[in-house]
Amino acid sequence: MREEKLMMRALGGETLPVPPVWMMRQAGRYLPEYRETRAKAGDFLSLCYNPELAAEVTLQPIRRYGFDAAIVFADILLLPQALGAELWFETGEGPRLSQIRTKADLARLKPADAIHEHLAPVYETVRILAEELPRETTFMGFAGAPWTVATYMIAGRGTPDQGPAHALMQQDPTCFDALIDLLTAATTEYLLAQIKAGAEVVKLFDSWAGSLKGAAFDKYAIAPTRRIVAGLKAVYPDVPVIAFPREAGTRFQGFAKATGADCVALDTAVDAQWAAKAVQVDGCVQGNLDPRLLVSGGDDLVREARRVADAFAGGPYIFNLGHGITPDADPANVDLMLRAVRG
Ligand code: CP3
């Protein structure tokens, strides 16, 4: 049977006349209907753990824009919470977690296979969406990559330079490596369960990969991703994996081959012409429109969306942003972007 879903065709290596389109953080605060549902849930985490409402916010951008892919509404920090870390969101500031600083802190976490009871609501959201999404929409699960999740667990919050994680890597490499190993195993478990519940594609967000240099990039960005991809492919060889090593720079080149990922998502910093030659030769790529253009809109948005789409038109490509859409984006600009790409 011929694959009908554009996104699955691109991930399978097909060059398409019009690329599939979706947006990072497409369910979010720029949409009035999201803000309304979030208020109904009470707060962000209550929304993540309410399968009916989480499915509803996942569907909202699909109804409004007809994107080619939906991503389950959840957060990369639910996994550390499932491992026993405390997690809360400070209004206007971002996530806070209980910190991992010593082997004793690490020893208090649960084993990788103990996450499923806590994450059962996410699997239920996946099951609802697998039923309710339009048949042409590809359905994605996701997780944070071990390094990025570790940076939040060690610092207890987001940090500009991931300083505390780099410090632990230097000062107590045994403890640091044990945390990465635990996260690698737990992430594999988590994504396998999302696929079992109905996810057709999974994406790994390594938002802070760019602060790993040289051998550390190989050890903590590439190796854990490779192990997770291998663990998924051993059970589900046909489920595509998208890797997003944000701000990897020249290390985007060869990343798909080194990890076994089917597609590499590109950030806003990477030059599209370069990436078409250096990265897309190995398979499908996704990205790299600057999300700020969805705030400013106008001719700049149209021109840039076309420039990015044209740069990658010679190979398998998924149109997307280089990072998440921001709360101050204008929903009308998303329509403008879609018209520019789809014609
Ligand atoms: O639509 C989607 O993309 C699916 C849902 C999704 C969210 N977070 C929802 C969310 C996804 C895929 C993520 C991934 C995520 N979460 C990442 C990796 C991608 C990236 O942005 O680099 C990271 C680092 C996180 C951790 C996180 N979650 C932070 C740092 C914050 C606070 C910053 C912010 O934007 O407010 C969040 C909160 C968060 N996750 C929101 C959403 C919609 C906003 C929460 C709200 O509604 O108040």
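The values are calculated or read from the model by the stated rules, or taken from the named source; none is laboratory data. Keep in mind that this is a model prediction, so the values were computed, not measured. Here the Cβ positions follow ideal geometry from the backbone for every residue, glycine too, while neighbour counts run over all protein chains shown. Side chains included, ligands, DNA and RNA excluded: accessible areas come from the protein's heavy atoms. Shrake-Rupley method; radii C 1.70, N 1.55, O 1.52, S 1.80 Å.
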Listed residue (Gln280, Gly231, Tyr65) projecting farthest to the positive dipole end of the chain, Cβ model
Gln280
How far, in nm, would the chain grow between Arg157 and Thr91 when pulled straight, counting 0.36 nm per residue and subtracting the alpha carbon separation?
22.4 nm
Neighbourhood charge, 15 Å Cβ-Cβ cut-off, centred on Ala197 and excluding it, Lys, Arg +1 and Asp, Glu -1:
-4
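Given the Cα-Cα distance of Ala332 and Thr102 and 0.36 nm per residue of separation, how much length would full extension add, in nm? Kindly include the intermediate steps, with their values, before the conclusion.
Values: separation 230, 0.36 × 230 = 82.80 nm, distance 4.83 nm.
Taking 0.36 nm per residue and subtracting the Cα distance, the gain is 78.0 nm.
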At a Cα cut-off below 15 Å, give the aspartates and glutamates reachable from Lys5, other chains included and same-chain residues fewer than 8 away excluded.
Glu14, Asp68, Glu136, Glu200, Asp238
Can you tell me which lysines have their Cα less than 20 Å from the Cα of Lys213? Leave out same-chain residues fewer than eight positions away.
Lys257
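Any chance you could run the full-extension gain for Arg29 through His118? It's 0.36 nm times the residue separation minus the Cα-Cα distance, nm to one decimal. Write out the running numbers ahead of the final one.
Details: separation 89, 0.36 × 89 = 32.04 nm, distance 2.56 nm.
Here the answer is 29.5 nm.
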For a quick check: with amide H placed at 1.01 Å from N, whose amide H comes under 5 Å from Arg157's, ignoring anything fewer than 5 positions away on the same chain?
Leu97
Qualifying lysines (Cα of each under 26 Å from Cα of Lys110; at least 8 residues distant if same chain):
Lys196, Lys203, Lys219, Lys233
Here region 321-335 yields Karplus 3J(HN,Hα) values (6.51, -1.76, 1.60; θ = phi - 60°; whole Hz; Gly and Pro given as x) of 8, x, 7, x, 5, 9, x, 8, 5, 8, x, 5, 5, 5, 4
Which residues qualify? For Asp206, with a placed amide H closer than 5 Å and at least 5 residues away or on another chain, they are Ala145, Phe244, Arg246
In nm, spacing of pseudo-spin labels at Ala130 and Phe44 (7 Å Cα→C-beta vector)
2.8 nm
Value at 222 nm in deg cm²/dmol, rounded to 500, when DSSP H runs of n ≥ 4 in the chain each add -39,500 (n - 2.57):
-14000 deg cm²/dmol
To the nearest Å, what is the center-to-center distance of region 175-201 and region 55-105, using C-alpha atoms only?
15 Å
If packing is taken as the mean number of other Cβ atoms within 10 Å per residue, what is the order of 166-176, 247-257, highest first?
247-257, 166-176
Accessible surface of the chain [probe 1.4 Å, protein heavy atoms]: carbon and sulfur percent:
50 percent
Per the Kirkwood formula on distinct C-alpha pairs, the Rh of the chain is how many angstrom?
20.1 Å
Regression test value, accessible area per residue of the chain, probe 1.4 Å, units Å², expected 41 Å²
